[in-house]
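Since the structure comes first, as structure tokens, the remarks are kept for the end.
The values are calculated or read from the model by the stated rules, or taken from the named source; none is laboratory data. Predicted model, so just to flag it, every value in this text is computed and none were measured. Methodologically, a virtual Cβ is constructed for each residue, glycine included, from the backbone with ideal geometry; neighbour enumeration extends over all protein chains shown.
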Amino acid sequence: MRVKWKQQRLNNGCFVACLAMLLEAEGIEKEDCDIVREMSLPYILRYLPGEGRICAGASLADEDPAITAGYLSPFGLRLRNAEHGSFGAYLAALREIRAAGKAAITSLPYSFIPSPLYCRGGGAVIPGSHAIVLHSLSAGSVSFYDPSGGLDRGREISWEEAKPFVDHVLSLPGLKAALEVRGKYLLGCLERSSGGGDAPARGSWLRVSLAALDGFSRECSGLAEAAASRGGNIPVPEFMTSVMGYFKPVALDWRGALETLPGGAGGGGIIARLAVFQAFLLHEQRRLKETGSLSPEFPEELRAAAKEIVARASSFLSAALLLSQSRGDK
């Protein structure tokens, strides 16, 4: 089965881009943005205070098996995602997948992916992992496609330009070392399904998303109050915990999902407002690192930004909920 490289265009969208590669091998032509839109991810936000984060955008497809199962079911497919107890079991499963002519999704630490744009710092292990597609297996190595390679996600990139950054070979000892660092021997592949895998009703997703906006508002208020009470002297790690956990998923990941809608759909003006919000956070982040203090205007500007974003997002999601209910969704 031939596997064609597909480009990752969305932040935290490596899994979705890999899924597009597996679908193409099944004769289903999709890009990552098509999948995100057709999964209804522009309408989904999840507030997870117990985990210190909001989940939004393309990463939801990887985090919630029900979403992916519901998407694949009409194609007569399902994603068989299995975690193996050892490298030996993982390798045996990969051999079975390749013997069936299929490719597999797995996840590797960035530092083991030999793109020139990742391999910095003299080989030190870089935190974080990345989904890739294993498409060939020989006696001593695996070949794989990286949907990103560290290339600019904001423009279309040809295979010829991308190839040095995304088309890789890794020895089996290198693969073993990478998976040991990752701590998971996880393989996913597509297989034919006789049915099932219905995704939760769209109405339920929308109600969860509206509730997540309340959580976003609370987190913004909490950081604003902390900054005001301390004269802007917030430790960088504390600030970045809020930014990376609660604000960036909304400003960047959700915005990317909204941009997959026809013409961007505008989302009631949310897209442009989220871009401004992201720029505001980056400015304050730089100031905090350089001076040790946020700007005096930060608390009030953060409250104002949260209020406007929540108002626009609530209007957008509420309109979608009314339409969903008119169609009989639960």
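Based on this model, can you work out whether residue 221 counts as in contact with a helix residue (DSSP H, G or I) (Cβ under 8 Å, 6 or more places away or on another chain), among the hydroxyl-bearing types (Ser, Thr, Tyr) and touching a residue at least 60 places away in the same chain (Cβ under 8 Å)?
yes
When you check residue 47 against the structure, is it of a type in the set (Phe, Trp, Tyr), at pLDDT 95 or above and in the same structural domain as residue 178 (by TED's automatic domain parsing), yes or no?
no
Within 16 Å of the chain's Cα centre (by Cα), more than 18 Å from residue 132 (Cα to Cα) and among the hydroxyl-bearing types (Ser, Thr, Tyr), is that true of residue 59?
So residue 59 does not fit the description; no.
Please count how many residues of segment 126-140 are in contact with a helix residue (DSSP H, G or I) (Cβ under 6 Å, 6 or more places away or on another chain) and polar (S, T, N, Q).
1
If we keep just the residues of segment 47-80 that are under 17 Å from residue 250 (Cα atoms) and aliphatic (A, V, I, L, M), which is surrounded by the fewest Cβ atoms within 10 Å (Cβ to Cβ)?
Applying the filter and picking the extreme gives 48.
Going by the structure shown, is residue 169 surrounded by fewer than 22 Cβ atoms within 10 Å (Cβ to Cβ), touching a strand residue (DSSP E or B) at 6+ places or on another chain (Cβ under 8 Å) and not in a helix (DSSP H, G or I)?
On the way: surrounded by fewer than 22 Cβ atoms within 10 Å (Cβ to Cβ): yes; touching a strand residue (DSSP E or B) at 6+ places or on another chain (Cβ under 8 Å): yes; not in a helix (DSSP H, G or I): yes.
Against the criterion (surrounded by fewer than 22 Cβ atoms within 10 Å (Cβ to Cβ), touching a strand residue (DSSP E or B) at 6+ places or on another chain (Cβ under 8 Å) and not in a helix (DSSP H, G or I)), residue 169 qualifies.
Being among the β-branched types (Val, Ile, Thr) and over 21 Å from residue 10 (Cβ atoms) narrows it down to one residue among 132, 113, 97, 105; which is it?
Residue meeting the stated conditions: 97.
One line per residue, one yes/no per condition, for (1) farther than 26 Å from residue 60 by Cα; (2) in contact (Cβ under 8 Å) with a residue 60 or more places away in the chain; (3) aliphatic (A, V, I, L, M):
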| site | (1), (2), (3) |
| --- | --- |
| 236 | yes, no, yes |
| 249 | no, yes, no |
| 270 | no, no, yes |
| 284 | yes, no, no |
| 289 | yes, no, no |
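Evaluate segment 207-230: report whether one residue or more is of a type in the set (Phe, Trp, Tyr), surrounded by 15 or more Cβ atoms within 10 Å (Cβ to Cβ), part of a helix (DSSP H, G or I) and at pLDDT 95 or above.
Here is the first cut: in segment 207-230, the ones of a type in the set (Phe, Trp, Tyr) are 216.
Now drop any that are not surrounded by 15 or more Cβ atoms within 10 Å (Cβ to Cβ), which leaves 216.
Imposing the further condition that a residue be part of a helix (DSSP H, G or I) reduces the set to 216.
Cutting the leftovers down to at pLDDT 95 or above gives us 216.
Yes - at least one qualifying residue is present in segment 207-230.
Suppose the filter is surrounded by 20 or more Cβ atoms within 10 Å (Cβ to Cβ), assigned by TED's automatic domain parsing to the domain that holds residue 183, farther than 30 Å from residue 317 by Cβ and of a type outside the set (Phe, Trp, Tyr); does residue 108 pass it?
So residue 108 fits the description; yes.
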